[in-house]
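A short reminder: the numbers here are calculations on the coordinates, not readings from a lab. Remember, it's a predicted structure, so these values are computed and weren't measured experimentally. We place every Cβ from the backbone using ideal geometry, glycine too, and count neighbours over all the protein chains shown.
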Amino acid sequence: MKALRKLHPGPEGVRLCDIPVPPVGEGELRVKVAYAGICGTDMHIIGDEYDAALPVTMGHEYSGLVDAVGPGVTGFREGDPVISMTVASACGTCRCCRQGNELKCPERKSIGSGLDGAMAEYIVVRADRAFHIPEGVSLKTAALSEPVGCCVRSVVEVSAIRAGDYVYVSGPGIMGQLTAQLARLSGAHVTVGGAAGDGERLALAKRLGAGATVDVSQCDLAERAREITHGEGFDVVYECAGVSPSADACLKVLRNMGQYVQVCLFGKTVPFDMDGALIGEKHIVNSFAADRSSFEITLRLLEARRLALEDLITAVYPIEDWEQAVAHVRRRDGYKILLRPGDWAEG
Ligand SMILES: [Zn+2]
Ligand SMILES: [Zn+2]
């Protein structure tokens, strides 16, 4: 089968390989992958900025149909539309695992970095980590479950957002757009910020419910923040751009004792005004990846059509054209780019 693999470090390290279809074992499902999304994390793996156990098939955002059911599995049948959790295994004995936070287990293995992932015609996953896609939700939309789940963790599970809060979301890419929608669903007044060239993305954020948008290359963010929040500063800020100037700006427009939530990876060490955070007793919290609960909330939101996701799928490339797809992601033009790994009749 075709599989997009990171074989070794360096710019030539990624290759579309032909590898055997993986066998399905006890308690496992083999899934024929319909769509596999390219995530910021995949870009960091390609750029040698994120730890991965090489060689490995990339991809942790996907949807597909059950192709084979392993011995001992109940609740799934061939042909069922499914997604699965990113974390595939954890040690089970460390403090994080004992307290039910295996997402933070230092020994955890995730698909697409620690174990073979979804940028392939087939992926094998543990059935107890798979979820049925709700009826009426397309495979294409369901392929966004993991990024939605990460934002659900940020907004719904980790942050202390409350109805009526003034919220600032920095970065109008896919994560920022999802975060903004979830913050609005939580009852906040949402402002989305972008930089030069983000005009269209900011317009979309407005269409999808943001109360205000700011192009930080055109106007003074601190001044706009004072206008919007009546001089008080934002109650919660979400850093969804993963660039250093954005982190600094987010911290500055956050009110004292407000909450700064880091959503995206920077891929490098960034300077941070810790004195400003200290003096204002600003709470810095981090949210990375999606837990079981995040996926469960996500699937409820998808089933209830509470999120506008169609506008966030920009393009679908056959896996053979992965280089064009990666170049498309690098252009920062649009939102989610999906790969189509196999031969599928339906679009
Ligand atoms: Zn992802
Ligand atoms: Zn553990």
List the GluC sites (Glu not before Pro) within the stretch 255-334 that fall in a DSSP loop (any state other than H, G, I, E or B) and whose Cβ has at most 12 other Cβ atoms within 10 Å. Glu281
Rounded, prolate or oblate for the stretch 83-232? Axes are the square roots of the Cα gyration tensor eigenvalues, ordered a ≥ b ≥ c, and the cut-off for rounded is a/c under 1.5. prolate
Assign unit charges at the C-beta atoms only (+1 for Lys and Arg, -1 for Asp and Glu), then state the dipole size of the chain relative to its Cα centre in Debye, rounded to the nearest 20. 440
In the structure shown, of Lys206/Lys336; Lys282/Lys336; Lys140/Lys282, the pairs separated by more than 28 angstrom at the C-alpha atoms are Lys282/Lys336; Lys140/Lys282
Axial C-alpha extent at least 15 Å, average Kyte-Doolittle at least 0.0 - helices from the chain (DSSP): 174-185, 292-303
Label model pair Thr269, Glu323: point-to-point distance (7 angstrom along the Cα→beta-carbon line) in nm is 3.5
What Rg and what Dmax come out for the stretch 151-286 when only alpha-carbon atoms are used, in angstroms? 13.2, 37
As a Kirkwood estimate from alpha-carbon pairs, the chain has a hydrodynamic radius in angstrom of 20.6
List the GluC sites (Glu not before Pro) within the stretch 1-62 that DSSP assigns to loop and that have no more than 11 neighbouring Cβ atoms inside 10 Å. Glu12, Glu26
Return the distance in nm (one decimal) between the two label points of a simple spin-label model at Glu223 and Asp128, each offset 7 Å from Cα along Cα→Cβ. 5.9
